[in-house]
Structures are given as C-alpha cells and as structure tokens.
1. Residues that are more than 19 Å from LYS15 (Cβ to Cβ) and over 20 Å from the mean Cα position of the chain (by Cα): which helices (runs of 4 or more DSSP H) entirely in the stretch 301-363 hold 1 or more of them?
2. May I ask you to verify whether LYS219 is assigned to a helix (DSSP H, G or I), modelled with pLDDT under 95, charged (D, E, K, R) and farther than 19 Å from THR66 by Cβ?
3. Please work out which residue is surrounded by the most Cβ atoms within 10 Å (Cβ to Cβ), limiting yourself to the stretch 156-195 and to residues that are touching a Lys or Arg at 6+ places or on another chain (Cβ under 8 Å) and part of a loop (DSSP other than H, G, I, E, B).
4. Would you please name the residue that is surrounded by the most Cβ atoms within 10 Å (Cβ to Cβ), looking only at residues in the stretch 222-260 that are in a loop (DSSP other than H, G, I, E, B) and either away from ligand 2 (no atom under 16 Å from the Cβ) or among the polar types (S, T, N, Q) (or both)?
5. Considering only residues of the stretch 51-71 that are of a type in the set (Val, Ile, Thr) and outside any helix (DSSP H, G or I), which is farthest from ARG163 (Cα to Cα)?
6. For the stretch 31-42: of the residues being surrounded by fewer than 18 Cβ atoms within 10 Å (Cβ to Cβ) and in contact (Cβ under 8 Å) with a residue 40 or more places away in the chain, which is farthest from ligand 1 (Cβ to nearest atom)?
7. Of all residues in the stretch 98-151, how many are within 16 Å of ligand 2 (Cβ to nearest atom) and part of a helix (DSSP H, G or I)?
8. Somewhere in the stretch 90-102, is a residue of a type in the set (Ser, Thr, Tyr) and either within 16 Å of ligand 1 (Cβ to nearest atom) or at pLDDT 95 or above (or both)?
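The values are calculated or read from the model by the stated rules, or taken from the named source; none is laboratory data. The model shown is predicted, which means the values in this text are computed figures rather than measured ones. A quick note on method: Cβ atoms are made from the backbone with ideal geometry, for glycine too, and the neighbour counts reach across all protein chains shown.
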Amino acid sequence: MNLFDKFSSEHSIFKNEVILMPDYLPTDILHRETEIKEIVSSINVLIHGRKGENLFLIGNPGTGKTCCSKYILTELEQHTQRILPIYINCWEHSSRFVILGLIASELDMLIPRRGISVDEVTEKIVEGFNKSLYKGIVVVLDEIDRLFVSKTGDKEVLYDLSRSKENLGVNISIIAISNNRDILAKLDNRIRSSLNPRSLEFKSYDSIALKNILSNRAKLAFYPNILDEEVIPLCAAIGLNHKGDARIAINALWKAAKDAEKKGEDKVKIENVQNIKNSLKTEEEIKKELGKPLDYSIFNDNEKRILKILKKNKEIENIVLYKKLKLTENEKRNVRNILDKFEKLKIIMIKNEGKKRIITFSR
Ligand SMILES: Nc1ncnc2c1ncn2[C@@H]1O[C@H](COP(=O)(O)OP(=O)(O)OP(=O)(O)O)[C@@H](O)[C@H]1O
Ligand SMILES: [Mg+2]
C-alpha cells in the first residue's frame, strides 16, 4: 500500500497546520484595534503629502508588533498605489548599505552588490523615487536592536531615512520596532532628534486576549471538536507565564497537537499540553534553531519521505515531486500544505515560474 493511501485518516487532527506556524500572518488581528488605529493615522499624514511621522513600537516578545505592522502594510498596499510599503527585518538585513539597497531595489533600481558606495545607493533611491508615482514610503524596521550590534555605523541608516525629506526630497516614515525600551537612548543626539519617534507601547496580552487569539487560530487550524475544553485555557496560561506572549501560546497549541498526532490520538487533551510544556521555545531559540541541522523528530512519516526527496534533489519542480510520490489529485493538495509548512519553516524556497513551482531545498 502506498504511504499516502492512508493520508487523510492519519491527518484528521489538522485542517490546516500552517495556521499555527511561527510566521503565519493572521488576517484577523484581535485586541489591537487602538494600536492599529494609531499607526494607520500616522501613515495617513504621508498619504496626504505631509512629512510623515516616525513611530517606535515597543513591547515584550509575542505582543503582535510584527504581525500588526505587516498587516497594516498589506492593507496600505491595497488602499493606495501612491505610498510604497517596505518591511525590513534588521535581524536578516542589518547593514546600512543593505537596507538602503533594499529600498532602492523596491523602487526598481538595480544595485550591484559591490563597487558602489552608500552615497551612490542613496542617489539611486532619489532617482527611483523621482521616476515613480509614489508620494511617500513607509519603512518598517523590525528588530532594530540589530543595528546597534556592529560598530560600523549601521544605525546611521536611521539618520539617512529620517532626514530624507529635507535632504533628498523623499518623504519617508519610519516604523521602528524593538523589545528594548532603552534602545533609543543608545543613539547620539543628532540621530535621536532627527528620528524623534512617537512611542507606541504594545502591552502584554492578558488571559482573555490570549484565549481569544488561540480560539480564532484553532478554528482555522483544526477540524471541529478536536480540542478538549481545557486545552486553550492551558495554552493561554502558558503564554501568560511568559509575560503574555502569544507566540509561545500558539506554539504550545501546535506542539500539543503534534504530540497527539504522533501518538495516533484523534483529540488533543490536556495531557498533550503537559507533555510538551518543557520543550517550548522563545523566538530567539527558534531563530537559532533555524541555523542548526534539522530536527527530524518533529515530522511525521509522510513529511520525512518528502523531505528525503527534496534533500536529494536540491531543486525540483512540483510536478516531478508529485510523480516521484505517485500521488492522486486529492493527495497533491495535502502535499501542497506540507510544502507550505516547509517554506514557513524556511526549509525550502518555492519560486513560481508561470504554472511551474520550483522547490529549492535551502537547509
Ligand atoms: N492580536 C493578535 N491577533 C492574532 N494573532 C496574534 C496577535 N498578536 C500576536 N499574534 C500572533 O502571535 C505570534 C507573535 O506575534 P508577533 O510576531 O507579531 O509578535 P512580536 O511582538 O513581533 O514579537 P517579537 O518582539 O518577539 O518580535 C504571531 O504568530 C502572531 O500571528
Ligand atoms: Mg516581531
């Protein structure tokens, strides 16, 4: 019997596991109406052609700073083509040159990787902006702490961007994000007074907020009646113990469901949550983990089989993968969900080329 013949019955717990992945972007954000309204109103200034205000979003881990700002950028893009929304995670792109280069390339300017100075990249930004129909740019700089690690002046990018209207005629609003309340104090006066951001605190979630966030996510991730009544309150309590961290609460729910799935159970019970309680990871640990060899124990047999093929081939077209797995149409949908999950875990990259999907193994 083909391994996939029993696939549907084996996978009766998750309707869509991707909903519980660390970087899944919810379309329904709860308990952050005030913060979202504040951010939107400050971006609105830019839409009306005035100098944009800079914001500093501060709050403990897992309080929704990243998901709210990404959500707002998506909405902004749908609302107007006159403002360019750019999201940059400084953990991934921490140099002044790279950040300016990313902005230039979002303005459709080609930037060679070498042999070009910061001033030249800045000129490209001006050229790209003037050629475009944009009235302004919103740049989200997430996890700005990273800009303060090097001594090479990467935080100078905050000055470049905050003076860009006066110096270059490019109207930019910066939304800087951090966990560290004191980070701005490390800036010299010149940068701090140019940036001059309005602080917006993301307060830690309480138990009700965490329960609501979890219930909403669970409705999309699981088939009905899969979770025992006590599971969500217990996962919320775990999040609460970690200073109201929604990421940890969601991660607890996912791991508990994986524990149940691995044991062949068809319901997630309080015991499953207790089993995984000690294995929960913070964002920092998850990130460190991404740099380490893969921990195959978190995958089921079907996932392991797909991973083996992907690892062997390095680059493979989805159709070829389906052929190797000898899949029926129904099973292909399940494999597509698994591939989405691998992509979110940054194990693979998927590139769309017309109707083709090229999968590259990136670990
Ligand atoms: N209000 C919310 N509604 C729905 N999901 C949320 C909400 N807040 C956070 N989440 C979910 O919790 C997880 C963590 O949120 P997010 O990444 O935005 O936190 P963060 O404040 O940026 O944390 P960090 O400071 O560690 O980067 C994500 O999976 C996110 O989708
Ligand atoms: Mg974040």
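1. Ranges flagged: 301-313, 318-325.
2. no
3. Per the criteria, the residue is ASN171.
4. Within the stretch 222-260, the match that is surrounded by the most Cβ atoms within 10 Å (Cβ to Cβ) is ILE226.
5. THR63
6. That would be GLU38.
7. Total meeting the criteria: 4.
8. Yes, that holds for at least one residue.
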